[in-house]
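> Dropping a structure here in structure tokens format, bear with me for questions.
The values are calculated or read from the model by the stated rules, or taken from the named source; none is laboratory data. Predicted model only: the values in this text are computed from it and were never measured. Here Cβ is always computed from backbone atoms with ideal geometry, including for glycine, and neighbour counts include all displayed protein chains. Remember, those area values only see protein heavy atoms, side chains included, never the ligands or the DNA or RNA. Shrake-Rupley method; radii C 1.70, N 1.55, O 1.52, S 1.80 Å.
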There are 2 protein chains.
Amino acid sequence: MSLHHQIRQYLLDQAQMHGWLAHAKIPSERELQTKFHASRITIRDGLTKLESQGFIYRVNRKGWFISPPRLLWDPCHRVNFYQQARDQGMQPETEVVSVNPLYDAPLIRHQFGMDYGNNLELLRLRRLDGRPVMVERIYLRQTDFPGLAQQPLDGSITELFANKYQVQINHESSHILVCGTQSEEAALLGIPEGTACLHIERKRYDANDRLVDYNLEYWRQDALELKVSSRK
Amino acid sequence: MSLHHQIRQYLLDQAQMHGWLAHAKIPSERELQTKFHASRITIRDGLTKLESQGFIYRVNRKGWFISPPRLLWDPCHRVNFYQQARDQGMQPETEVVSVNPLYDAPLIRHQFGMDYGNNLELLRLRRLDGRPVMVERIYLRQTDFPGLAQQPLDGSITELFANKYQVQINHESSHILVCGTQSEEAALLGIPEGTACLHIERKRYDANDRLVDYNLEYWRQDALELKVSSRK
DNA sequence: GAGTGGTCTAGACCACCTT
DNA sequence: AGGTGGTCTAGACCACTCC
């Protein structure tokens, strides 16, 4: 029986015995070493595998913790993040990390076609029950949303578009894949650079098929479960 | 600069210099060891990280290879797997691993409600350009599809439903998440047990809202990119 | 200062694949 | 038989967190 199975079983047993809950800290790597008479690398291999399966997660230099249930999310019937989280008994938070004009970013500007103008990047970190779970970069045309940086940006961007600027999202297209985190995203999420994450790239359009915003999301891979339904 | 970055950069440079393509074998771990004057564990850490990012993949005890482009897949406008793959210049194959009646599987039978009857499990392995990329388990009611096991099962199940049994899929619901592979799935995909994979759970219904089939897919995480559009 | 994970070295033996 | 990855030991030092 391979080691990460043993560790998994041990953690499951302990969790049941001691009533461990989501976010509970598990014994340190050195404790597990003596418990299993194994070397630290072996233990870490097992923990890393459990992490990649979404069973535990790590906080840099603090420890390993039991993963909570995933947030269930429907990218099509896109309801408000706060609503969605609260409905599932989680405490959502949003932190605005930075708002910056983009002077030179050909790949982003290319998304907006010939319609250049200065683009704006909004970088936000979202938490559930205090744990950072997602970093998103939102790109839009500064000219579409004058004075946006002075608005409260920690709520629903969609609602801000609609209420302050009379811009309605009509339809959207998303790509979903597993990829690695870049250094800034990793630092914000509190995970080592290069750790795999669930990546969602989304383009949202108005009723005239004009791109309104371009959105890159990076989710801790144990934090999200997507739900997609085809039309009936 | 962290090691997996160095390795990544080295591999990218080499790939460009030598014109490496998708599925090209990269130097063995021991070769990389001498090249980087690093211990094997350090090398493996780097390779494992590159793997979890979808940049390289492994074949058990054979080596590490450059990942090909991902198959782009829309679970809503569910076109035929073969069609989708060929349109993207990939060579698709399907292997029927087993077809077995399920006598006792409460979790599966529960999906089919009170309407028990013997359920059937169809286990298939799908390849792209010779590489195993996905394992799927399809569950259905034996009574809905008499003699199914005698039909050719390596093509589109949806078309078989429609053409041989006059059963039309009307709508479906999918859940998408990252999880670990069980031993049988891992063995079929040729990866170590417990490796993270992209998991899709799908339920498909007829026009009367009756569950037709229940489908569990396990994708190598570097093999797939999902595309989802909201209605316009 | 003590404890945590992050990174790394220098070996070892095994199972399996290729030749 | 020789090469590959899979698994493992027994150490080490560092950066950071907590107290």
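> Once you wrap a convex hull around the alpha carbon atoms of region A:39-108, what is its projected area averaged over all directions, in nm²?
Directional mean of the projected Cα hull area for region A:39-108 stands at 8.5 nm².
> How much of the calculated P(r) for region A:140-210 lies past 18 Å, in percent of all Cα pairs?
I get 56 percent for the Cα pairs in region A:140-210 exceeding 18 Å.
> Let me ask something additional. For region B:134-205 and region A:203-222, what is the centre-to-centre distance using only Cα atoms, to the nearest Å?
So the two Cα centres are separated by 30 Å.
> Test of understanding: express the Cα radius of gyration of the protein assembly as shown as a ratio to 2.2 N^0.38 Å, with N the residue count.
1.03
> Among A:PRO92, B:SER173, B:LEU148, whose Cα lies farthest out toward the positive end of the dipole of the protein assembly as shown, if unit charges sit on the beta carbon of Lys, Arg (+1) and Asp, Glu (-1)?
Highest projection toward the positive end goes to A:PRO92.
> Treating the beta-carbon of each Lys and Arg as +1 and of each Asp and Glu as -1, no other charges, what is the dipole magnitude of region B:3-66 about its Cα centre, to the nearest 20 debye?
220
> For region A:71-226, what mean projected area does the convex hull of the alpha carbons give, in nm²?
Computing the convex hull of the Cα atoms and averaging its projections yields 8.9 nm².
> While we're here: Sorted from shortest, what are the nm distances separating the label point of A:ILE108 from equivalent points in the other copies, each placed 7 Å from Cα along Cα to C-beta?
Going from nearest to farthest copy, the values are 4.9 nm.
> Distance between the C-alpha centers of region A:1-55 and region B:13-47? Whole Å please.
Rounded to whole Å, the Cα centres lie 30 Å apart.
> Can you pull the one-decimal nm distance between simple spin-label points at B:ALA15 and A:GLN88, each 7 Å off the Cα toward Cβ?
Placing both labels 7 Å along Cα→Cβ, they lie 3.3 nm apart.
> Can you give me the % of accessible surface on chain A that is carbon or sulfur? Probe 1.4 Å, all protein chains present, nothing else counted.
50
> Give the interface area between chains A and B as buried accessible surface, both sides summed, probe 1.4 Å, in Å² to the nearest 100.
Approximately 3400 Å² gets buried when A meets B.
> Let me ask something else. In straight Cα distance, which lysines are under 22 Å from A:LYS164, not counting same-chain residues fewer than 8 positions off?
The qualifying lysines are A:LYS203.
> Also, quick follow-up: Considering chain B as a Gaussian network with a 10 Å cut-off on Cα pairs, which listed residue, B:LEU140, B:LEU160, B:LEU32, attains the greatest mean-square fluctuation?
B:LEU32
> Let me ask something else about it. Which of B:ARG126, B:ARG58, B:ARG44 moves the most in a Gaussian network model of chain B with Cα springs under 10 Å?
B:ARG44
> Hey, another quick one. With every protein chain left in place, what is the accessible area of B:PHE36 in Å² (1.4 Å probe, nearest 10)?
In the full protein context, B:PHE36 sits at about 40 Å².
> Okay, moving on. How far, in nm to one decimal, is B:ASN170 from itself in the other copies if the label point is set 7 angstrom along Cα toward Cβ? Shortest first, please.
Result, one decimal in nm: 3.0.
> Can you tell me the dipole magnitude for region A:71-226 around its Cα centre, using point charges on the Cβ only (Lys, Arg +1; Asp, Glu -1), in Debye to the nearest 20? Mind dumping the intermediate values first?
On the way: 15 positive and 23 negative charges, 35 e Å.
Using Cβ point charges on Lys, Arg, Asp and Glu, region A:71-226 gives about 160 debye.
> Let me ask something else. Calculated from DSSP H runs of 4 or more alone, at -39500 (n - 2.57) each and per residue, what is the 222 nm mean residue ellipticity of chain A, nearest 500?
When only DSSP H runs of four or more count, the value is -8000 deg cm²/dmol.
> In sequence order, what are the phi-derived ³J(HN,Hα) couplings for region B:203-209 according to the Karplus relation 6.51 cos²θ - 1.76 cosθ + 1.60 with θ = phi - 60°, rounded to whole Hz, with x for glycine and proline?
10, 10, 10, 8, 5, 8, 6
> Okay, next question. Ignoring ligands and nucleic acids, what accessible area does B:SER2 show with a 1.4 Å probe (Å², nearest 10)?
Solvent-accessible area, nearest 10 Å²: 50 Å².
> A further question on this structure: Arrange the residues A:VAL228, B:VAL96 by how much accessible surface each exposes, largest first, with a 1.4 angstrom probe.
B:VAL96, A:VAL228
> On to the next question. State in Å² the accessible area per residue of region B:14-142; use a 1.4 Å probe, count heavy atoms of protein chains only, and round to the nearest integer. Spell out each step's value before the answer.
On the way: 6570 Å² over 129 residues.
I get 51 Å² per residue for region B:14-142.
> Hey, another quick one. For peptide B:216-229, what's the mean number of Cβ atoms from other chains within 10 Å of each residue's Cβ? Could the numbers behind the result be given before it?
Details: counts 0, 0, 0, 1, 1, 7, 4, 2, 3, 7, 8, 6, 12, 7.
Taking the mean over all residues of the peptide, I get 4.
> Here is a further query. Assuming R0 = 35 Å, can you tell me the calculated FRET efficiency for the pair B:ALA105 and A:ASP74, based on Cβ-Cβ distance, to the nearest 0.05?
Working: r = 28 Å, r/R0 = 0.81.
The formula returns an efficiency of 0.80 here.
> Just how many % of Cα pairs in region A:3-66 lie over 19 Å apart, if you round to the nearest whole percent?
The answer is 21 percent, as a whole percent.
> In a Gaussian network model over chain A where Cα atoms closer than 10 Å are linked, find which of A:GLN150, A:GLN182, A:GLN91 has the largest mean-square fluctuation.
Highest fluctuation among the options: A:GLN150.
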